[in-house]
């Protein structure tokens, strides 16, 4: 069965949460969550900076979340070098996804568990 095209989630309690890199340095804020299936996050749309019109997509795998913050497992410089968007796309196309997977080193879809995890407090 082919994988569904990731589309923006109807609801997400994480929208506008601060997004940090693996070292705790601020990257921006979560603008949208793209899901493969309802409730299964595949990509995060991150607004770079507080008032920026630049966005990047980052995989929603292996993240930590707590008290209004999301920590991604990559360095800020690497995330900021992802393909830049100037608005939220209606969906993550297969071409976009392939380019993003190459950027983040996720060549094969089976290489990564694309399930967002919430911290338990």
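The values are calculated or read from the model by the stated rules, or taken from the named source; none is laboratory data. Computed from a predicted model, the values in this text were never measured in an experiment. Neighbour counts are summed over all protein chains in view; Cβ atoms, including those assigned to glycine, are modelled from backbone coordinates with ideal geometry.
For region 101-112, check the following and say yes or no: at least one residue is at pLDDT 90 or above, out of contact with any helix residue (DSSP H, G or I) (no Cβ under 8 Å at 6 or more places or on another chain) and over 23 Å from residue 26 (Cα atoms). Checking region 101-112: at least one residue is at pLDDT 90 or above, out of contact with any helix residue (DSSP H, G or I) (no Cβ under 8 Å at 6 or more places or on another chain) and over 23 Å from residue 26 (Cα atoms). Scanning region 31-59 for residues that are over 13 Å from residue 12 (Cα atoms) and either assigned to a loop (DSSP other than H, G, I, E, B) or without any contact (Cβ under 8 Å) to a residue 24 or more places away in the chain (or both) yields 47, 49, 50, 51, 52, 53, 54.
Filtering region 60-72 to residues that are in a loop (DSSP other than H, G, I, E, B) and either in contact with a strand residue (DSSP E or B) (Cβ under 9 Å, 6 or more places away or on another chain) or at pLDDT 95 or above (or both) leaves 60, 61, 63, 68, 72.
When the criteria are applied in full, residue 97 meets the requirement of being surrounded by 19 or more Cβ atoms within 10 Å (Cβ to Cβ) and either modelled with pLDDT of 90 or more or over 13 Å from the mean Cα position of the chain (by Cα) (or both).
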